[in-house]
Structure formats: structure tokens, C-alpha cells
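A.B. asks: This is the structure, below, for whatever I ask next.
The values are calculated or read from the model by the stated rules, or taken from the named source; none is laboratory data. Since we're looking at a predicted model, the values are computed, not measured. With ideal geometry, Cβ positions are generated from the backbone for all residues, glycine too; neighbour counts draw on all protein chains shown. What goes into the accessible areas is simple: the full protein's heavy atoms, side chains included, and nothing from ligands, DNA or RNA. Shrake-Rupley method; radii C 1.70, N 1.55, O 1.52, S 1.80 Å.
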Amino acid sequence: MNPKMREALHNALGDEEYRKLEKTIEKKGMMALMGEVAKNPKLRKMMKTMMGAPKNKEKTMSPFEVRLKSHHNSSAILDDFFEKKSLDDDGFIEYLDGETRDIPKSIYVHTPYCDKICSFCNLNREQLKGSLDEYANYIADEFRKYGSTRYMKESEFEVIFFGGGTPTVYKPNQLEIILKSIEENVRLKDGYEFTFETTLHNLNKEKLDVMMKYGVNRLSVGIQSFSEVGREFYNRTYGKEEVIKRLEELKEYFNGEVCIDIIYNYPNQSKEDVVEDAKITRELGLGSSSYYSLMVHDGSVLSEDIEKGRVELSKSLEREKELANAFSDELMKTGEYYQLELTKIAKKGGDLYKYIKVRNAGGDTFPIGVGAGGNIGNVGVFRMAKNGSVYSVKTEEHRKFDMVSGLMQFPKVKKEALIDILSEKEMNIYGEKMKDYIALGYMNDEGENFSLTNEGIFWGNNISKDILSHLANTLYGNKRKV
């Protein structure tokens, strides 16, 4: 506990009550503080005072010292309690030839190549060297191989998502090879969503024609920032005016939804910078914008620059929060856009982002390509190499936790959906924990839903992980593996 927090608690409670609280925190950890806030009016008053503190002061009363900036592998929480079994390639094919579940299904295709590496990135990708003919044929062969299974033959897929890397780094003839194989081996459901992640400099009309010919109807463009300073920092191609021009041309030519990614909190970024990013997004009428706080990945150019003192990033959570709220407030202020999930704002009547909805509703995500991961039923799959995949059979408890975590990626958590997943006992544990976050001002109980406040959206991934950890320890603590 930092000194400012100690002082605030001591001032609010007095000597005796503060000593009792300290002992409680020593026994149960910092998260016990939220339960005390829910019970103690002195602490609630103190919390309200601090939540309304001037913006130029750090707010120190959050129970979290580090913000989780992305969705975590929630079911991994259960690995301390339950063993997973594994399958080999033959066992996986046999599993696919078994009975097919009637649940939403998606396909994720990974392209681990880029022709230009972003400064912050160290994802599963490498600089493109030479031709991608061999990899394109490999992907096409994978669709032919799995297309012969009962699973593929009996399934209709709501979503196909090409991620990377940069999936539009393929040449038009290579795209044709891959997409033709998909057309021949995959059945798409009416109203499907077919996405390619892309950069602007990797797109041309010839590639777009091939993609549209085979039903691609959504593009996710890695913009990261419209600011000249931001684009230089992220090592992006083109300046601000050229980016806007190309997005306008893309919207005009492409028969589908055009969405973008924004990454905020680069060094010395101002509030005006993120407001401008939001304004341009809205003025262009883009289908949606993801907005992520800059993450430093080990092995990236950025991590090396930080280590050598060439770049210094702000560690202020208040600054990070101010930038996040400035972007979301500006983009949604006219009522044209709404909060679709924790890190995505969508245009009303525009982007539906079915990929994340399928994944977070407990649907299947069939992974294709080196570096791809997903799950089919209760079998988790990770493609380590062309001829090396890892298959792990999850317990029903793992699957249940994944589904609850998925629900908590949205600003409203439907109680009816939770009741369909959790037992009465589990729901009671979940509900009691939610009271802690309601007391903190992170949640509201709307009767049919739990809804996140702006503060809750900022801490959404932490809240999800903490609630699931609490469920696991309460339900399975006596099963912990030694």
C-alpha cells in the first residue's frame, strides 16, 4: 500500500479502525479493501471525495496498482486447480469427426509476416523476406485438410478473421489461392462477417477486387494515430493528410465496413491529439475504432529504446485514463457512436464486430496458420509451426470461466446470460463480489444487467480477472495443486 493511501485511510478511520483494517488487508490482500468500502460509510465518503479530486492529482484509491491493458487468458486461472489433457494430431482429427455442437463458430487465420515492423510490436510475426507462395499454399492446404472433416462439413461459420502480422501483404494471386480454398471448403452463415486486418500501404484495388470477389466485407486498418508525431513514433507509412485521403478512397471503393485501430499514450501525447483522432474517426464515418493504451512488448524496437534511455514513457495511470476518456467522450458525444466493448467504440448501425461476439459468447474459433490459437468445443488449439500444433482438452470449469470472462468484455453484463452459465452458488459468489465494485463506483446494478461506469471500463480487464480469481479460490481453493 502506498504512503498516500495509508494516510487517506488513517485520516478517514482514526487509529483503532485503521489498525483493524491493516490486519484485514494483511490477511486477505488489497482486494479486501473493496469489501470494507462497501460496509463502511467513512470509507465510501472518502472514496467519493477522492474520485472527485482535481484532474491534476493522482487518484490513489484504486485497488489495482497495474492496469491490465488487454484481455487475459481467463481459464488459465484454473490451471492451479485442474489438469488439462492433451491430444495429438490424429486425436484432434478424430475429435473433429465426432458430433458437432450447435454453437456460434468463427475461423481465425494467422499471417505471421509484415513488410514493415511497427516500433511497438513484438507479436507473432517477422519481416517479410522473399515470396509468400509457399505459405499461401500451406494455408489453402490446411482448409482442404480440415474441410474433409465432419466438423467443417456440418458447420456454418458466422465469422472469418484474417489477423497477423499483415494479412494483406499477400500478392493478389496468393490471396486468390487462399480465398478460393476457403470458398470450396467452408460454408458461411447468412449475415457472416469476413475481416482482413491491414495497413493502408498494403492495399490496392487489385487486392481489394480479389477480396470482395470472395466475400470479404470488413477491413480493420491499423492507423494507430493520425498525428504526425504519433505516426512517426509508431513507424507508420504516410502523413496525416495522406492517411485521411486514402481512408476516404477506401470507404468509397470497398463494399463493406472500414474500421480502424488507435493506440494512445505515446510519449508526450496531448489530450488534444486523442481528441483529434476521435474527431477524424467520426468525420470519416468509420464503422468502429478500437482504442488501446500503448503496450511495451519485450523484444520490440520500443522496448530496446526504453532500456537504452532513448524513449521515456509516462507511468501515470491518471494521464492514461485522461487520454482514454478524452478519446471515448469525443467520439461518442454526438450520439452517433456507442461503447461496443471495453476497447472498441462502434458507429450505430455500423460495425457489429461479430468476431469478438462469437469468441466472447463461448463460440468456437478454429485456428489456421502458424501462430494461430483458438478453441473448438473444449479443445484449445495453438499452431506452433506448420507441422506442430498443441491440443489441450479443457475441463468444463475452464470453459465456464472463458464464457464468463467473455461476457465481461462488454460494458453491460446481462444477468440472464450469467445465470445460464453459473450455478446458483456460483452466481451468489459472483454477485457478492460485484457489490465491491458497485461501492467503488466501477459498476451499477441496473436490475437486468450489471453495467460498467467509465471508471469500470478503464479497469475492465482487472475487474474480470479479479472476479474470476475470487470465484476460483472460493470454489476450488481446496483443490489447489501443490
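A.B. asks: So, in the stretch 5-44, exactly how many residues are open to solvent by less than 70 Å² (accessible area, probe 1.4 Å), of a type in the set (Asp, Glu) and at pLDDT 75 or above?
C.D. replies: So the answer is 2.
A.B. asks: Here's a follow-up. Given the conditions (1) open to solvent by less than 20 Å² (accessible area, probe 1.4 Å); (2) part of a helix (DSSP H, G or I); (3) among the hydrophobic types (A, V, I, L, M, F, W, C), and given that Ala417 satisfies all but one, which numbered condition is not satisfied?
C.D. replies: Every condition holds for Ala417 apart from (1).
A.B. asks: While we're looking at this one, here's another question. Regarding the stretch 405-412, can at least one residue be identified that is among the polar types (S, T, N, Q) and crowded, with 18+ Cβ neighbours inside 10 Å?
C.D. replies: Among the residues of the stretch 405-412, at least one is among the polar types (S, T, N, Q) and crowded, with 18+ Cβ neighbours inside 10 Å, which makes the answer yes.
A.B. asks: Mind listing whichever residues of the stretch 77-99 are surrounded by 12 or more Cβ atoms within 10 Å (Cβ to Cβ) and without any contact (Cβ under 8 Å) to a residue 60 or more places away in the chain?
C.D. replies: Within the stretch 77-99, Asp79, Ile93, Glu94, Asp97 qualify.
A.B. asks: Could I ask something else about it? Identify all residues within the stretch 445-466 that are closer than 14 Å to Ala76 by Cα and either open to solvent by less than 10 Å² (accessible area, probe 1.4 Å) or small (Gly, Ala, Ser) (or both); write none if there are none.
C.D. replies: Scanning the stretch 445-466 gives a single hit, Ser464.
A.B. asks: Follow-up question, since we're still on this one. Would it be correct to say that Gly406 is at positive phi and either of a type in the set (Gly, Ala, Ser) or not in a helix (DSSP H, G or I) (or both)? Full working, then the answer.
C.D. replies: Values: at positive phi: no; either of a type in the set (Gly, Ala, Ser) or not in a helix (DSSP H, G or I) (or both): yes.
For Gly406, the condition - at positive phi and either of a type in the set (Gly, Ala, Ser) or not in a helix (DSSP H, G or I) (or both) - is not met.
A.B. asks: Can you pull out the residues in the stretch 299-338 that are closer than 28 Å to Gly456 by Cα and charged (D, E, K, R)?
C.D. replies: Answer for the stretch 299-338, where residues must be closer than 28 Å to Gly456 by Cα and charged (D, E, K, R): Glu312, Lys315, Glu318, Arg319, Glu320, Lys321, Glu322, Asp329, Glu330, Lys333, Glu336.
A.B. asks: Check every one of the strands (runs of 3 or more DSSP E) wholly within the stretch 251-367 and list those with 1 or more residues that are open to solvent by 50 Å² or more (accessible area, probe 1.4 Å), polar (S, T, N, Q) and closer than 30 Å to Glu397 by Cα.
C.D. replies: The strands (runs of 3 or more DSSP E) meeting that bar number zero.
A.B. asks: Would it be correct to say that Ser106 is under 19 Å from the mean Cα position of the chain (by Cα), modelled with pLDDT under 95 and open to solvent by less than 20 Å² (accessible area, probe 1.4 Å)?
C.D. replies: no
A.B. asks: Related question: When the residues of the stretch 218-236 are narrowed to those that are open to solvent by 40 Å² or more (accessible area, probe 1.4 Å) and not charged (D, E, K, R), which ends up modelled with the highest pLDDT?
C.D. replies: Out of the qualifying residues, it is Val229.
A.B. asks: Can you find a residue in the stretch 387-394 that is out of contact with any strand residue (DSSP E or B) (no Cβ under 8 Å at 6 or more places or on another chain) and either surrounded by 17 or more Cβ atoms within 10 Å (Cβ to Cβ) or farther than 19 Å from Phe81 by Cα (or both)?
C.D. replies: Checked against the condition, which is being out of contact with any strand residue (DSSP E or B) (no Cβ under 8 Å at 6 or more places or on another chain) and either surrounded by 17 or more Cβ atoms within 10 Å (Cβ to Cβ) or farther than 19 Å from Phe81 by Cα (or both), the stretch 387-394 yields at least one hit.
A.B. asks: Please go through the stretch 147-199 and give me each residue that is open to solvent by 30 Å² or more (accessible area, probe 1.4 Å) and within 16 Å of Arg218 (Cβ to Cβ), ordered by number.
C.D. replies: Glu158, Leu188, Lys189, Asp190, Gly191, Tyr192, Glu197
A.B. asks: Would it be correct to say that Asn375 is farther than 24 Å from Leu219 by Cβ and assigned to a strand (DSSP E or B)? It would help to see each step written out before you state the result.
C.D. replies: Numbers: farther than 24 Å from Leu219 by Cβ: yes; assigned to a strand (DSSP E or B): yes.
Yes: the conditions hold for Asn375.
A.B. asks: Among the residues of the stretch 191-207, is there at least one that is at pLDDT 95 or above, among the aliphatic types (A, V, I, L, M) and within 15 Å of Val159 (Cα to Cα)?
C.D. replies: No, the stretch 191-207 contains no residue that is at pLDDT 95 or above, among the aliphatic types (A, V, I, L, M) and within 15 Å of Val159 (Cα to Cα).
A.B. asks: Go through (1) touching a residue at least 60 places away in the same chain (Cβ under 8 Å); (2) touching a helix residue (DSSP H, G or I) at 6+ places or on another chain (Cβ under 7 Å); (3) in a helix (DSSP H, G or I) one by one and return the number of the condition Ile457 breaks.
C.D. replies: Here Ile457 clears every test but (2).
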